[in-house]
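To start, the structure itself, in structure tokens.
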Amino acid sequence: MAQPATTPKIEELRFKIKTDPKSRLFYPLAEELRKIGQFGEAEQVLHGGLASHPTYLSAWVSLGRVQRELKNDRGAVESLSKAMQLDPGNVVAARLLADAYLALGEKLEALKKYKLVHALLPADEELERIIEHLDNELNPITIAAPPPPPPAPPEPEQIVPGPDESPFGDEQPMAAAHDESPFEEPVADFTAAAVEVEAPKGIQVEFAPMVAEVAAPIPEPAEESDVFAPAEAPVAEPAAEDFANTLTMADLYARQGLTDDARHIYESILQRDPNNSVVREKLDALNPPPPPPAAAPPKSSRNAKVERLESWLHKVARREASHV
């Protein structure tokens, strides 16, 4: 169903603006025209009213919205930028400006404005997806290609030995080199005298005594433990210090008013470390000071003789009273 070209409210607003051309009613008139799809007339009304009211924030936002409907994204960027100058935290203007930048292909500016809107509206999940998509497009993750493998070392040259050469590279085979070796065959007249030691001149060689040829007694091995004997019970390590007997726990008890528990821990620490002045001070602070000694009755400044005289006069007075 087609939108009506006008409404009674629109006609009323038109009449009032004709009566007062500088009235701020141009903004509601433009909004009514935008609602029924009269974007061209709404844009003219807004331009005319903003000429008299250049700081009307809502009118600038409305103009940017109308220009976006007319596919005039460049004009929308200018109008909405003026709105952001008047109110940098205006969420509607920032979102419309981001959409206009994105329609123009200026993704970096669009991303800045979308992040501003997200800072003001952190619960908008759709906005998070748009920001993530733009981030991936502007900052793509590149995976570096692995370096090429090092070249293989050249294979060693194969040398084929000749018929008269050794396979190990010798110029002459070992068997041919040792054809005339005197060690190949034993000497015909070999006797034990050939290995006798000839005594050098001036040195007398004596044979070792027979005792030297007797094998030394092999010492008996030390007594080894029986591997099948039951293992000895491990020495019990001293029990770890109870965590409650720590200075921190004692201080906690003292702050909570549990002076007996705190005093017990302080005394336990002092038994192990009697020179710990810090713990001793804390223990002394828990022990109440002894009560001050009772004040001695003030000595009478009167003379003892006067007191005895008064006592005697008192007795005399009582005796006289008894005779009356």
Residue in the stretch 127-146 that is among the polar types (S, T, N, Q), surrounded by fewer than 11 Cβ atoms within 10 Å (Cβ to Cβ) and touching a helix residue (DSSP H, G or I) at 6+ places or on another chain (Cβ under 7 Å) present: no
Any hit, the stretch 62-78, residues being among the polar types (S, T, N, Q) and assigned to a helix (DSSP H, G or I): yes
All positions within the stretch 291-318 that are modelled with pLDDT under 75 and not in a loop (DSSP other than H, G, I, E, B): none
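The values are calculated or read from the model by the stated rules, or taken from the named source; none is laboratory data. Please read these numbers as outputs of a predicted model, since none were measured by experiment. Glycine gets a Cβ as well: all are built from the backbone with ideal geometry, and neighbour counts include every protein chain shown.
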